[in-house]
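Right, one structure below, let's go through it.
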Amino acid sequence: MGRELKRVPMDFRWPIDKLWCGYVNPHKVHECQLCAGTGHSEDYQKLHDSWYSFGKEEWVSNPFRDGCSYNRLAWCHNLDEKDVAALVKSNRLFDFTRVPINKEQKNIVEQKLKDGGNSWLPFNNGYIPTPQEVNEWSLKSMGHDAINAWVCIKARLKREGKKTACENCKGTGEDWQSKKAKDLYKRWKSYDPPIGDGYQIWTTTSEGSPMTPVFPTLEELCLYCEEEGVSVFGHSTATKEKWFSMLSDGFVMHQEGSAIFI
Ligand SMILES: [Zn+2]
């Protein structure tokens, strides 16, 4: 969802591109000082930093990808058996564990493809890759994502009997110094702009802000969108006819309160 048509009063004058005040909580969270609001323990943070090896870098060229280099000190390039076991257990290494490796498994995948499924084996093939294989795989591919980092860090903290969450805030990242401030923050509810006869396009990519002035008719709004090249998505725009068709369809099909979804 990126754009929506709103019906607002003709004299509605909220600035274009400014987040609507009703979508932004004016009360601030009191962040936990110990974890800087992350909710993570100090041990978690240390391992997270070592996963990427922030501040300790030794860049070498990637032998599997031309023109690419990698930080060879980073833990993510030096996984051991226990890290690999944690990733396998969390089903994070499909390239090794969900490919058919014998006749029986190949038949299962062939049947799955015939039935319209994907080419992954529906269960682990029994193979456990070596750390070297996984470390090479990550250099050949896009590498480990944030979920893999989380799985390895969490498993290592568990093995070492250490905590994942910050002791002070129990992982919430919050440390309220006033019950009143907490109540105000938690009880705050968002609210829509006023409803009226005018037509205006809003972006909902962030919390929500107007993208156009307010027009008395949908036709005038569509003409403005065409002339000003208002973005439908990213850099793409549309003709006034296309805008009209999208917004009219939305008007009929998807009206919710004062908002009409495109
Ligand atoms: Zn904390």
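A short reminder: the numbers here are calculations on the coordinates, not readings from a lab. Keep in mind that what you see is a predicted model, and the values were worked out from it rather than measured. Glycine also receives a Cβ, built like all others from the backbone with ideal geometry; neighbour counts cover every protein chain displayed.
Quick notes on this structure:
- Summing charges over neighbours of residue 73, with a neighbour being any other residue whose Cβ is under 11 Å away from its Cβ, gives 0 when K and R count +1 and D and E count -1.
- Dipole in debye (nearest 20) - the chain, about Cα centre, beta carbon charges: Lys, Arg +1; Asp, Glu -1: 1160 debye
- Rounded to the nearest Hz, the phi-derived 3J(HN,Hα) couplings of region 153-167 under the Karplus curve 6.51 cos²θ - 1.76 cosθ + 1.60 (θ = phi - 60°) are 5, 4, 5, 5, 4, 5, 4, 8, x, 10, 8, 8, 8, 5, 5, where x marks glycine and proline.
- Given 18/182; 6/180; 103/162; 112/242; 106/140; 56/180, the pairs whose alpha carbons are separated by over 32 Å: 6/180; 103/162; 112/242; 56/180
- Only DSSP H runs of four or more residues enter the estimate; each adds -39500 (n - 2.57), and after division by the residues of the chain the mean residue ellipticity at 222 nm equals -10500 deg cm²/dmol.
- Taking the Cα centre of region 42-159 as reference, the dipole from Cβ charges on Lys and Arg (+1) and Asp and Glu (-1) amounts to some 360 debye.
- Summarising the amide proton neighbourhood of residue 198: residues at separation of 5 or more, or on other chains, whose placed amide H is nearer than 5 Å comprise 8, 10.
- Straight-distance candidates among the aspartates and glutamates for linking to residue 186, with alpha-carbon spacing under 15 Å and chain neighbours fewer than 8 residues away dropped: 31, 174, 175.
- Between 38, 212, 164, the Gaussian network model of the chain with springs among Cα atoms under 10 angstrom shows the greatest mean-square fluctuation at 212.
- Amide H partners (placed H, <5 Å) of residue 174, local residues excluded: 32
- Listed by chain and number, the aspartates and glutamates placed with their C-alpha closer than 13 angstrom to that of residue 179 amount to none; residues fewer than eight positions away on the same chain are left out.
- Gaussian network model of the chain, Cα within-10 Å springs - most flexible of 11, 43, 183: 11
- Amide H contacts of residue 40 (H built 1.01 Å from N, under 5 Å, at least 5 apart or other chain): 166
- Dipole of the chain computed with +1 at Lys/Arg Cβ and -1 at Asp/Glu Cβ about the Cα centre; of 91, 210, 224, farthest Cα towards the positive end is 91.
- Cβ-based exposure ranking for 231, 190, in which fewest neighbours within 10 Å come first: 190, 231
- Under the Karplus curve 6.51 cos²θ - 1.76 cosθ + 1.60, θ = phi - 60°, whole-Hz ³J(HN,Hα) for region 105-114, x wherever Gly or Pro sits: 5, 5, 4, 4, 5, 4, 5, 4, 5, 4
- For region 42-159, the alpha carbon positions stretch 50, 37, 23 Å along the principal axes, listed from largest to smallest.
- Karplus-derived 3J(HN,Hα) values for region 226-233, using 6.51 cos²θ - 1.76 cosθ + 1.60 with θ = phi - 60°, are 5, 5, 8, x, 4, 6, 7, 7 Hz; glycine and proline are entered as x.
- Top of 18, 103, 179 by mean-square fluctuation, Gaussian network on the chain, Cα under 10 Å: 103
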